[in-house]
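Peer 1: Before I ask anything, here is the structure I am working with.
Derivation of every value follows stated rules applied to the coordinates shown; laboratory data play no part. Here the structure is a predicted model, which is why all the values come from computation and not from measurement. Positions of Cβ are backbone-derived with ideal geometry, glycine not excepted, and every protein chain shown enters the neighbour counts.
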Amino acid sequence: MTNVEHIGLAVRDLEVSIPLFEKLFNTNCYKTEVVESEKVKTAFFQKGETKVELLESLDANGVIARFIEKKGEGIHHIALAVKDIQTEMKRLQNEGFQLLNEEPKKGADNKLICFLHPKGTNGILIELCQEIE
Ligand code: ZN
């Protein structure tokens, strides 16, 4: 991996959280995007090299809705940028990490993504992401 690409935060309501984070970061949200496969609406902020992704569930049974039900709003995942997601997925699998998807899938913000099972990563959900050329 090359760097932390973004931090994903689970929120109940983007209409509340976007203005909140705009005030906090003193910058405007630069993009919102629906990711149908994950049943989420996302909103992105960038400050220097640092990106934050807010995630609101579009489905009462979606992963973000269930996360908030269990743990409340807060940090949902850490995304690591990788140059070649297939190679990195194989490497991590060989190291004993459990992948939540066998093939990379299309994520928000023009990325191919794969999640690692938090059971094998000290409870932290890790997302690998590779920019789609
Ligand atoms: Zn993410």
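Peer 1: What residues have an amide H closer than 5 Å to that of residue 58, excluding those fewer than 5 places away on the same chain, when H is modeled at 1.01 Å from N in the peptide plane?
Peer 2: Residues meeting the criterion, in which the H sits 1.01 Å from N, are 40, 41.
Peer 1: Let me ask another. Give me the percent relative contact order of the chain, please, defined on Cα pairs under 8 angstrom at least 6 residues apart. Don't skip to the answer; put the middle values down first.
Peer 2: Working: 263 pairs, mean separation 33.7, N = 133.
This gives 25 percent for the chain.
Peer 1: Could you run the Karplus curve 6.51 cos²θ - 1.76 cosθ + 1.60 with θ = phi - 60° over region 78-89 and give me ³J(HN,Hα) per residue in whole Hz, x for Gly and Pro?
Peer 2: Each residue of region 78-89 in turn: 10, 9, 9, 7, 10, 7, 9, 5, 4, 5, 5, 4 Hz.
Peer 1: Show me, for region 49-57, the HN-Hα J-couplings you get by feeding each phi into the Karplus relation (A = 6.51, B = -1.76, C = 1.60, θ = phi - 60°), rounded to Hz, glycine and proline as x.
Peer 2: Values per residue, Gly and Pro as x: 7, 9, 10, 10, 10, 8, 10, 10, 6 Hz.
Peer 1: Another question, if that's okay. To the nearest 500 deg cm²/dmol, what mean residue ellipticity at 222 nm is calculated for the chain from DSSP H runs of n ≥ 4 alone, each contributing -39,500 (n - 2.57), summed and divided by the residues?
Peer 2: Numbers: 3 runs with 31 residues, N = 133.
That comes out to -7000 deg cm²/dmol.
Peer 1: While we're on this one: Would you please report the Å³ per residue occupied by the convex hull of the alpha carbon atoms in region 37-133? Walk me through the numbers before you get to the answer.
Peer 2: Values: hull volume 10.9 nm³, N = 97.
Expressed per residue, the convex hull around the Cα atoms of region 37-133 is 112 Å³.
Peer 1: Pull up all non-local amide H partners of residue 80: gap of 5 or more, or a different chain, and H-to-H distance under 5 Å with H placed in the peptide plane.
Peer 2: Residues meeting the criterion, in which the H sits 1.01 Å from N, are 5, 127, 128, 129.
Peer 1: Counting other Cβ atoms within 10 Å, which trypsin sites (Lys or Arg not before Pro) in region 71-133 have at most 14 and lie in a DSSP loop? Numbers along the way, then the final one.
Peer 2: On the way: sites: 71, 83, 90, 91, 105, 106, 111, 119; in loops: 83.
Counting only loop positions with at most 14 other Cβ atoms within 10 Å, the trypsin sites (Lys or Arg not before Pro) in region 71-133 are 83.
Peer 1: Could I ask something else about it? With angles folded into 0 to 90 degrees, how steeply does helix 14-25 sit against the dominant principal axis of the chain? Use alpha carbons for both and round to 10.
Peer 2: Helix 14-25 sits roughly 90 degrees off the main axis of the chain.
Peer 1: Still on this model: Can you tell me which of 115, 25, 44 moves the most in a GNM of the chain? Springs connect C-alpha atoms under 10 Å apart.
Peer 2: 25
Peer 1: Another question, then. Just 95, 56, 38 to compare: in a GNM of the chain, with alpha carbon springs under 10 Å, which one fluctuates most?
Peer 2: Maximum among the listed residues: 95.
Peer 1: From largest to smallest, what semi-axes in whole angstrom does region 1-63 give when each is the square root of 5 times an eigenvalue of its alpha carbon gyration tensor? Each step should come with its number before you reach the end.
Peer 2: Details: eigenvalues 79, 48, 15 Å².
Three semi-axes, in Å: 20, 15, 9.
Peer 1: Let me ask something additional. Tell me, what HN-Hα J-couplings in whole Hz come from the Karplus equation 6.51 cos²θ - 1.76 cosθ + 1.60 at θ = phi - 60° for each residue of region 122-133, using x for Gly and Pro?
Peer 2: 6, x, 9, 6, 10, 10, 8, 9, 10, 4, 7, 6
Peer 1: Could you work out which residue, out of 99, 55, 20, moves most in a Gaussian network model of the chain, that is, has the largest mean-square fluctuation with Cα springs under 10 Å?
Peer 2: Residue with maximal mean-square fluctuation among 99, 55, 20: 20.
Peer 1: Once you charge only the Cβ atoms, +1 for Lys and Arg and -1 for Asp and Glu, what is the size of the charge dipole of the chain about its Cα centre, to the nearest 20 debye?
Peer 2: Values: 17 positive and 22 negative charges, 61 e Å.
So the magnitude is around 300 debye.
Peer 1: Continuing with the same structure: Just name one of 96, 40, 16: the one whose Cα is farthest towards the positive end of the charge dipole of the chain (beta-carbon charges, Lys/Arg +1, Asp/Glu -1).
Peer 2: So the residue furthest toward the plus end is 96.
Peer 1: Let me ask you something else. For the pairs 23/119; 71/106; 71/111; 47/90; 90/119, note any where the Cα-Cα span goes beyond 29 Å.
Peer 2: Working: 23/119 35 Å; 71/106 26 Å; 71/111 27 Å; 47/90 32 Å; 90/119 18 Å.
Those over the limit are 23/119; 47/90.
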